[in-house]
1. Restricting attention to region B:205-250, which residues are more than 24 Å from the chain's Cα centre (by Cα), among the charged types (D, E, K, R) and within 22 Å of B:His370 (Cβ to Cβ)?
2. Out of (1) modelled with pLDDT of 95 or more; (2) under 20 Å from A:Thr69 (Cβ atoms); (3) crowded, with 18+ Cβ neighbours inside 10 Å, what's the single condition that is false for A:Leu442?
3. What residue, of A:Asp379, A:Asp366, A:Asp349, is within 14 Å of chain B (Cβ to nearest Cβ) and among the acidic types (Asp, Glu)?
4. Inside region B:276-290, can you point out the residues that are within 14 Å of chain A (Cβ to nearest Cβ) and of a type in the set (S, T, N, Q)?
5. Would you tally the residues in region B:110-150 being closer than 18 Å to B:Ile271 by Cα and either of a type outside the set (Phe, Trp, Tyr) or in contact with a helix residue (DSSP H, G or I) (Cβ under 6 Å, 6 or more places away or on another chain) (or both)?
6. Of everything in region A:51-78 that's open to solvent by 30 Å² or more (accessible area, probe 1.4 Å) and in contact with a Leu (Cβ under 9 Å, 6 or more places away or on another chain), which residue is nearest to A:Gly409 (Cα to Cα)?
7. Pairs only if they're at least six apart or on different chains, beta carbon under 6 angstrom, first in region A:331-344 and over 12 Å from A:Ala228 (Cα atoms), second open to solvent by 10 Å² or more (accessible area, probe 1.4 Å) and of a type in the set (Lys, Arg); list them, first residue then second.
8. When region A:390-419 is examined, which residues are found to be assigned to a helix (DSSP H, G or I) and either open to solvent by less than 40 Å² (accessible area, probe 1.4 Å) or at the interface with chain B (Cβ under 7 Å from one of its Cβ atoms) (or both)?
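The values are calculated or read from the model by the stated rules, or taken from the named source; none is laboratory data. The structure displayed is predicted, hence computed values, not measured ones. Here the Cβ is made from the backbone with ideal geometry for all residues, glycine too, and neighbour counts use every protein chain on show. These area figures cover heavy atoms from the full protein model, side chains too; ligands, DNA and RNA do not enter into them. Shrake-Rupley method; radii C 1.70, N 1.55, O 1.52, S 1.80 Å.
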There are 2 protein chains.
Amino acid sequence: MNSLSELLPGKVSTEPEDLLCYGFDASGLEGRPGTVVWAEDTTDVVKVMRYSHERGIAVIPRGAGTGMTGGSIPASGAIVLSTERMNRILEIDKENFTVLVEAGVINGRLQRELERHRLFFPPDPSSLNFCTLGGNVAENAGGARAVKYGVTRDYVLGLEAVLPDGRTITTGVKTAKGVVGYDLTRLLVGSEGTLAVITKIRLKVLPLPEDVITLLALFGGLEQSGEAVQRIISEGIVPRTLEFLDSWTIRAVENYKSIGLPKDTEALLLIELDGPPSVITRDAEKISVICKKLSGEIIMAENELARMKLWEARRAVSPALFHLSPAKINEDIVVPRSRFPEMLRRLRDLSESSGIRIVNFGHAGDGNIHVNLMVDRADKEQYAKAQELVKEIFRITLELEGTISGEHGIGLTKQNYISMEVPPAELELMKKIKQVFDSRNLLNPGKIFLSLCSR
Amino acid sequence: MNSLSELLPGKVSTEPEDLLCYGFDASGLEGRPGTVVWAEDTTDVVKVMRYSHERGIAVIPRGAGTGMTGGSIPASGAIVLSTERMNRILEIDKENFTVLVEAGVINGRLQRELERHRLFFPPDPSSLNFCTLGGNVAENAGGARAVKYGVTRDYVLGLEAVLPDGRTITTGVKTAKGVVGYDLTRLLVGSEGTLAVITKIRLKVLPLPEDVITLLALFGGLEQSGEAVQRIISEGIVPRTLEFLDSWTIRAVENYKSIGLPKDTEALLLIELDGPPSVITRDAEKISVICKKLSGEIIMAENELARMKLWEARRAVSPALFHLSPAKINEDIVVPRSRFPEMLRRLRDLSESSGIRIVNFGHAGDGNIHVNLMVDRADKEQYAKAQELVKEIFRITLELEGTISGEHGIGLTKQNYISMEVPPAELELMKKIKQVFDSRNLLNPGKIFLSLCSR
């Protein structure tokens, strides 16, 4: 029994099966931690950080491990600090439209709990039934509804977090407004667990929208779907989701989990409107007219069950594609919405010239494309070519005024590319900020920045 | 002619009248700069920063000087760097709902320009016809519409800024989503010109709301107005403004600029709804019923002219109160909306027990109260008592889970109080972040943090 087990009885494991399970995440990468700790409250987190700080042991905070860029892959011998047991919804303040949660609360659980109070938390990453809100904050998670409602950052009012040396900080306010000192709250949002361990989160929530309409628009070509997106937005309509699936994605989903999507469709938009019934009915009609003019076919979900089924299809995309090609390389570029059709064309050209299949789906409404390079890792030559292709995709993305990561962050998998987007002076500032919080580089070391890598 | 004039011909002054004019701001405080520079573009800003960095001269970035906490008051002998001439709207991207502006563009000018394109930038500080967007970003300005639309921070996608050593950085993205490295953009938002000189701003804008309804609700008592706010919100209605004026404020406005407000009213709410006509008409009726049940009287603005007049009254509040008492102490506390009536009661009690008149108005919808202590600076004893009262007001604000500044920031006037809200560990992080950006403490020195004061 080591002294961490004495400090935290019943909350620590060094069993090989635990070290294995907590060594990998959705990125497909693997590491080998020395210890796994399941903290149950902030005091436990403080104990872990003090312990590790005294001994110079790295700590990797971990929510549900649904991250796509390896943000929770442990450095060898490190302590994986799981927030899974910190899963209490501490306060739902209906009068002030705020909630206070522990970091390990599952996004989908909060969604359902809020609905019972007629409240609404918009950010909905596809992994919402598994991922934790702490992880959402650490990665600044997005989701389908970002086109209308923004991302996690836009809902975080304040945080409690534990610094690498074990001191607890609280940031932000309980109110919509607040300008007292620098914005430590948003500095922690999206910092990928490298600055502090987030323990509690104060979120802004909204009144539940009065009603929702869900539409499926099927197109015979990519161009028409891209054009439909542009026309919908330029009508002044802001749907709450405007999701895009290309033909390969549609087929993969149908093969994985037969839902009844027409396999011969070239592109599909999953459109959802929310708001007062009179307004969304009117907007749904406008959208229908726009899509039909572009030879699109419109299917409207008749009831909640049909609606759930459509979303089931959308959320099955990621596992379905993994099923198709376990070694696929998955990126999450964003381009300004108006460049979305051009980006899809450029991706198709790249796929044709390279011979590597590129499957695309994502959030057309905000220009966020999940680009999947379907490769076989055993084929060394092809895999190397795919790596080059990723670089070229990022180059084009930046040429079109986009960003190389909309939702997944940098983690380990995008470290080689961060300098394509972030110039040296800005990177230097970021690294110095890392040093301010974590001078000994013990908290999630080796993530985001190449030169701080200690794996 | 000093060498700064040689570097920037026609853009530099050391004339006493300029030094006087650029020595004060809306806080009523004064300083005495050594030089005033009117930069015309980023290159000019770079020249100033390099010049000052080489010589160890402090630089104070300045928009329109409308700040309330002395954020632009120059350290003695410093260079005041005005962005007034950096006033170009560089891009209005209607397809992607973004704009790119120089830091010196006036908020109201952008608002009007956007309206012509059927676009909308929500943040509307009362000084919108004078204040610059650079200043808005530096202070994270709020405004009346924050209750529905949030504050400046929620609209800043990316920035160009010049570091104290003269290097130019660009932060953020042109897209709604983006998680590549730490969020330098929001770190600069609200940093009160202490980290970098903001030169260009990429803002998110929205489609112009279809229609607007403006209502005035008059009440015989403070309690009823507070209760009305709670009932409106708990109906699930989110007006775009929900402004509050107490009886003293109403009388001050009427005396300053007779608009026809009934002087015998104890409290007034200025309520504005925006959205599709059918929805806001329905909501306006609901609000009307709520207010009448609380014995309120409802006046609806019949046309755009009437609407403008109501807003003219609201925006005249600040000058009107200055007119009443030039030495007034003006704070901008925020409490969670549900504590708004309690805060008003506590303020009334404090006023009665201290004998100092406290006049309140503000943004009831988000709990942001502009608390004005009407004092005579010549009366030393009263002024000292008022200072004590401010501290007590902040103590109560924090007791009610609020914040000591919703919109105005810390600047100089709230430095003595920042540690009431921000604990030592967080303050230490902030000061270290200041050092990361400005190791020689040359950019707007002495603001926000007491111990960095070099005035």
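1. Correct list: B:Glu223, B:Glu227.
2. (2)
3. That would be A:Asp366, the only listed residue that is within 14 Å of chain B (Cβ to nearest Cβ) and among the acidic types (Asp, Glu).
4. Once the filter is applied, which keeps residues that are within 14 Å of chain A (Cβ to nearest Cβ) and of a type in the set (S, T, N, Q), region B:276-290 yields B:Ser278, B:Thr281.
5. 13
6. Result: A:Ile57.
7. A:Pro336/B:Lys174
8. A:Val390, A:Ile393, A:Phe394, A:Ile396, A:Thr397, A:Gln415, A:Tyr417, A:Ile418
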